[in-house]
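The values are calculated or read from the model by the stated rules, or taken from the named source; none is laboratory data. Fair warning: this is a prediction, and the values are worked out from it, not measured in the lab. Backbone-built Cβ (ideal geometry, glycine too); neighbour counts: all protein chains shown. Remember, those area values only see protein heavy atoms, side chains included, never the ligands or the DNA or RNA. Shrake-Rupley method; radii C 1.70, N 1.55, O 1.52, S 1.80 Å.
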Amino acid sequence: MLFRSVRMATKPHVVVVGAGAFGGWTALFLRRQGARVTLLDAWGPGNARASSGGETRVIRATYGSRMVYTRMAVRSLALWKEHERRWNRRLFHDIGVLWLVESDEQYEKAALPILREAKVRFEELTGPEVVRRWPQINCDRVRWAIFEPDGGYLTVRRACAAVLDGFLAEGGEYRQLAVRQPAPSGGRLASVTLSDGSRLAADHFDFACGPWLGSLFPEVIGDRIRAPRQEVVFFGTPR
């Protein structure tokens, strides 16, 4: 669903399915535009089964040659900082992001002109400079690096919960229920059946379910969205 930053003439009822990063923000901005919004999630915002689950997510602007992601990251960071102030919660930690370049530098080289065009602050460092500034890192094979001083990480589970709290404070409705596979009639979806057996009707539906979309729309999406295996590493400082 696309929506413009203008006040809606009427108040349509929009159901947003999925309270992760995409669904939560979509619900909040639709509510601010005057819509009546019901947000649904089977397990809650930032849950362990969701793409937006876990403790942290890195925010950085280096995305190789893909300008669209750099622009999205810059806009996203501005919105998180704005809402930190609005909600009086610390969600973003600006510890910087360091990219270490060894033999393959194609990705990082392609990012440099895009970072400049997007006016992202960064430093292009030589290998010896990296060794001097970060002696705790083994830089034997590092030839150069990119350091983004404004980058950092979000406490993502808390951030998704904060978006939900903000949404509720602005008059949104939230129900922690799953949606069964939709059954459109005549090419239009008028209502969905929830996991408690009830039905929820609305003018519009927005499904922000990440890798769960395939199970909701098997004929349209099926296995086109696949969740890859990723390594998750937890670091702890000494007591």
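The set of residues from the stretch 34-64 being out of contact with any Lys or Arg (no Cβ under 6 Å at 6 or more places or on another chain), of a type outside the set (Gly, Ala, Ser) and part of a loop (DSSP other than H, G, I, E, B) comprises Asp41, Pro45, Asn47, Arg49, Glu55, Arg60, Thr62, Tyr63.
Of all residues in the stretch 143-180 being without any contact (Cβ under 8 Å) to a residue 60 or more places away in the chain and surrounded by fewer than 19 Cβ atoms within 10 Å (Cβ to Cβ), which is farthest from Asp196 (Cα to Cα)?
So the first thing to find is which residues in the stretch 143-180 are without any contact (Cβ under 8 Å) to a residue 60 or more places away in the chain, and the list is 143-145, 147, 149, 168-169, 180.
Now narrow it down to the ones that are surrounded by fewer than 19 Cβ atoms within 10 Å (Cβ to Cβ): 143-144, 149, 168-169, 180.
Numbers: Arg143: 58, Trp144: 56, Pro149: 48, Leu168: 22, Ala169: 25, Arg180: 10 Å.
That would be Arg143.
Evaluating Thr193 against the criteria (1) free of Cβ contacts under 8 Å to residues at least 24 places away in the same chain; (2) exposed (fewer than 12 other Cβ atoms within 10 Å of the Cβ) leaves one unmet condition, (2).
Can you name every residue in the stretch 87-97 that is open to solvent by less than 70 Å² (accessible area, probe 1.4 Å) and farther than 16 Å from Ala73 by Cα?
Selection gives Trp87 alone.
Among the residues of the stretch 149-177, those identified as of a type in the set (Gly, Ala, Ser) and touching a strand residue (DSSP E or B) at 6+ places or on another chain (Cβ under 7 Å) are Gly151, Gly152, Gly172.
Residues in the stretch 104-142 that are surrounded by fewer than 18 Cβ atoms within 10 Å (Cβ to Cβ) and either closer than 28 Å to Gly53 by Cβ or among the β-branched types (Val, Ile, Thr) (or both): Tyr107, Thr126, Val131, Ile137.
Every condition in (1) of a type in the set (Ser, Thr, Tyr); (2) touching a Leu at 6+ places or on another chain (Cβ under 6 Å); (3) more than 18 Å from Gly18 (Cα to Cα) holds for Ser195 except the one numbered (3). Within the option set Thr26, Thr70, Thr62, being under 30 Å from Phe205 (Cβ atoms), buried (at least 18 other Cβ atoms within 10 Å of the Cβ), of a type in the set (S, T, N, Q) and at pLDDT 95 or above holds for one residue only, Thr26. Taking residues in the stretch 217-239 that are aliphatic (A, V, I, L, M), and partners anywhere that are at pLDDT 80 or above and open to solvent by less than 100 Å² (accessible area, probe 1.4 Å), the pairs with Cβ atoms closer than 6 Å and at least 6 places apart or on different chains are Ile221/Leu213; Ile221/Gly214; Ile225/Pro211; Ile225/Leu213; Ile225/Gly214; Ala227/Pro211.
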